[in-house]
Amino acid sequence: MTAPAPRLRPAADRRVQLMATCICDAFYDDVAGATVEVLEHLGCTVDFPEGQTCCGQPAFNGGDWAASRRVVRHTVRTFAGDCPVVVPSGSCAAMLFHGAPLEFEREPDLPAVAALGRRTWELADFIVNGLGIRTWPGRYEARVAFHRSCHSRGTASGAASDLLLASIAGLQVLPFGEGEQCCGFGGTFSVTFPHVSTGMGTLKLDHIRAARPDVVVSGDMSCLMHLGGLAEKGGQPVRTQHLAQVLRDALRHGGLLPAASA
Amino acid sequence: MPNQPLDQFAARLPAEQRASVYQSTKGTHEKRTQLLFDQFADPDRLRQIAGEIKQHVVENLDTYLPAVEAKLRANGAQVHWAATGEEACAAVLRIMQARGARRMVKAKTMVSEEIGLAHYLEERGLEALETDLGEFIVQIDHDHPSHIVRPIIHKNRREIAASFEREGLGAYNDDPETITRRARQFLRHKYLQADVGLTGANFLSVESGRIVLVTNEGNSRFCLAATRCHIALIGIEKLVPRDRDLGLLLNLLGRSGTAQPLTVYTEFISGPRRPGQPDGPEEMHVVFVDNGRTDVLATECRDILRCIRCGACLNVCPVYRQASGHAYRSVYPGPVGAVLSPLLAQGNFAALADLPKASSLCGACNEVCPVNIPIPDLLLRLRAKGKEEGAPLASAGAPPMGAWALLASQPTAWKAALAGGKLLNYIPAKLLPVPALRAWESRRSLPEWRGGEFRRWLRARRRAAERKPAP
């Protein structure tokens, strides 16, 4: 999977539209908030189109492309404009620049869908490759296991996240086994293939725990919802944070890992 | 919610079997990656080029197939065309009958598994003996391969030792070297007695008509050493345009499949024995097998025909590692099988329509594929096909998306749902009104529902900013 080129770069006023993602809209408001704070810290003017719902991926992955196209069309209308769209999720970003054009390949409005894809950036990719930021200020005193989500395979997001995390004072990124393997979430796969999904998640948690991190970080809350939920259900909770929260917290808290987790 | 068959199979898989599949696939995958990245500056570029070569072949079969037929005939081989598996089996039978042949020694070929050749010949009173060690064990156990390259990845040596004892191949001994030695001893006699040697082809060069075979056991050479007749059973997609393309493809095949720079044996066969040559089969037949491939060619999933059967996608696949190969209920397991098997099912797509769902779409398969097949995209296309055709297995256990799509295309309804979802925080998990949520909650805790909180926070932040204009 690769992001489309050329992609729309931010203009001088750094105006962006935020796609908060449905999972943050429903469960992880602090992640969406951290994304706003991080972007504003970088001098961006953040618009939040109020009509936004979901990127359409659940139905796309489920094979119901007619239902998915309905949602994508709504998203295209909602995000009308000519500035970059920033989304704190590699998965939703990939849906817009890769998945949606696939399910629209025979549709007359493919150009509008593809145009939205060219404007869409995953957060870390936008910070590093859109804005040219290569180091992150502040401090964050923690040992971090970074789970690179699968939808960032082949995109610039993984390297961008690595670069930002490695630049934060006090933060130590811990390698762990089989980092390239999927966590087992996979959207509705997590409930239609529960044994395989949780088998994959348990293996991922074993690898992560062996590295003894203070916090598990990812650019996708869906992976963390699965891993965190599995760990908690098993009676051994792990602390999870989105990359946006780490970036924001590095600017706050005097560099200490904050007491409350999102 | 009704369960998916592959997930149920995975749930029943003995832990020991899962562990051995995991160790074996993980080991090969890691060695494969190390070899490729240690030895090549840009292996991903090589995968792309190899993919382009094979895609070119797939899209030009109409000219390449007649060209290679002419070349094969000029080389002295006889060429047969089989539209179906049944026709391919019948062609092999006719060749054997014409020679009065009764015994076949077989090298490992997936297409022969696909068409059920050994069983077909045995039913007609002919012997068709597998000579690849793994396939031999599968055959004596009346089992099925569970991996494209390692057919017995699901078996341990104790089971194999017991099978050998049962078949009269020696007293129980589970030392791998002893097992191998006993199989070799048994097979060597069979090579000498056989009338016909059957192989597949890893590649077939259109330019020269050369058939390329790779093995690690040398059994395909033995199959052709003493027999008078060579039959090569070849899927129509196995072509490469030129001999020089083999340099790239062989380099990728060995590394991707078994983490070897090159397999132990690589044979190039360009026809039957020629005058003046001391040995080799005097007769050579090539049976081209379609068996649904041209139907695949007509779909948007034709990229799957690039596959060179290395098994790298199986090795890296987290779902394959959890479920093992038999969970796929077909000759081709793993990610490639989840695409290819339903497509080759010819009119029975619905029976395997669940396989494209058996993936988290993580994309690891695409990342390791030596011919860069976009497997996740093909799985998605087949999911859409399953939905369009209303195949019940495609939707088993899956939450319906119609109501969700209505909600997600109407902002007012969406916001109401965000607010209403807070009820979830007060309802015990087992009473949750949505099957998908219940299924989630049975294995993972559900986070607190905070629908609408972000929007409230953002509005407050904007109001505060308006009251305090920036300096």
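The values are calculated or read from the model by the stated rules, or taken from the named source; none is laboratory data. Note that this is a predicted model, so its numbers are computed, not measured. Counting neighbours? That spans all protein chains shown, and the Cβs are built from the backbone with ideal geometry, glycine included.
Sub-6 Å Cβ pairs linking a first residue in region B:144-155 that is in contact (Cβ under 8 Å) with a residue 60 or more places away in the chain to a second residue that is hydroxyl-bearing (Ser, Thr, Tyr), at least 6 apart or interchain, are B:Ser146/B:Ser324; B:Ile153/B:Ser24; B:Ile153/B:Ser146; B:His154/B:Ser146; B:His154/B:Ser324, ordered by first then second residue. I'm trying to understand the selection: among the residues of region B:421-446, which are exposed (fewer than 13 other Cβ atoms within 10 Å of the Cβ) and not aromatic (Phe, Trp, Tyr)? Correct list: B:Leu423, B:Asn425, B:Ile427, B:Pro428, B:Lys430, B:Leu431, B:Pro433, B:Val434.
State the number of residues belonging to region B:350-403 that are outside any helix (DSSP H, G or I) and either without any contact (Cβ under 8 Å) to a residue 24 or more places away in the chain or on the phi < 0 side of the Ramachandran plot (or both). Even if it seems obvious, please write down each step before you answer.
Step one: filter region B:350-403 for residues outside any helix (DSSP H, G or I), giving B:353-354, B:358-363, B:369-374, B:389-391, B:396-401.
Checking which are either without any contact (Cβ under 8 Å) to a residue 24 or more places away in the chain or on the phi < 0 side of the Ramachandran plot (or both) leaves us with B:353-354, B:358-363, B:369-371, B:373-374, B:389-391, B:396, B:398-401.
Looking only at that region, the number is 21.
Among the listed residues B:Ala77, B:Ala107, B:Ala50, identify the single one that is of a type in the set (A, V, I, L, M, F, W, C), under 27 Å from B:Asp245 (Cα atoms), buried (at least 21 other Cβ atoms within 10 Å of the Cβ) and touching a Ser or Thr at 6+ places or on another chain (Cβ under 7 Å).
On the way: B:Ala77 fails: touching a Ser or Thr at 6+ places or on another chain (Cβ under 7 Å); B:Ala50 fails: touching a Ser or Thr at 6+ places or on another chain (Cβ under 7 Å).
The conditions single out B:Ala107.
Looking across region A:51-78 at every residue that is surrounded by fewer than 23 Cβ atoms within 10 Å (Cβ to Cβ) and more than 7 Å from chain B (Cβ to nearest Cβ), the one that is farthest from A:Ala26 (Cα to Cα) is identified as A:Ala66. Do you know which residues across region A:8-26 are of a type outside the set (A, V, I, L, M) and touching a residue at least 60 places away in the same chain (Cβ under 8 Å)? Across region A:8-26, the qualifying residues are A:Arg9, A:Pro10, A:Arg14, A:Arg15, A:Gln17, A:Thr21, A:Cys24.
Take the conditions (1) out of contact with any Cys (no Cβ under 9 Å at 6 or more places or on another chain); (2) closer than 29 Å to B:Tyr328 by Cβ; B:Thr178 misses just one of them, which is (2).
The lone criterion from (1) touching a Gly at 6+ places or on another chain (Cβ under 9 Å); (2) part of a helix (DSSP H, G or I); (3) farther than 21 Å from B:Cys310 by Cβ left unmet by B:Met104 is number (2).
Mind telling me which of the residues B:Gly397, B:Gly421, B:Gly390 ends up being more than 16 Å from A:Gly187 (Cβ to Cβ), at the interface with another protein chain (Cβ under 8 Å from one of its Cβ atoms) and over 20 Å from the mean Cα position of the chain (by Cα)?
Exactly one of B:Gly397, B:Gly421, B:Gly390 is more than 16 Å from A:Gly187 (Cβ to Cβ), at the interface with another protein chain (Cβ under 8 Å from one of its Cβ atoms) and over 20 Å from the mean Cα position of the chain (by Cα), namely B:Gly421.
Counting residues in region B:450-463 that are at negative phi, touching a helix residue (DSSP H, G or I) at 6+ places or on another chain (Cβ under 6 Å), at pLDDT 95 or above and not in a helix (DSSP H, G or I) gives one or more. Evaluation of B:Tyr320 against the conditions (1) closer than 27 Å to A:Lys204 by Cα; (2) part of a helix (DSSP H, G or I); (3) facing chain A (nearest Cβ under 9 Å) shows that the sole unmet condition is (3).
Listed by first and then second residue, the pairs with beta-carbon distance under 8 Å, at least 6 apart or on different chains, first residue in region A:76-96 and assigned by TED's automatic domain parsing to the domain that holds A:His151 and more than 16 Å from A:Cys150 (Cβ to Cβ), second crowded, with 24+ Cβ neighbours inside 10 Å and not acidic (Asp, Glu), form an empty list.
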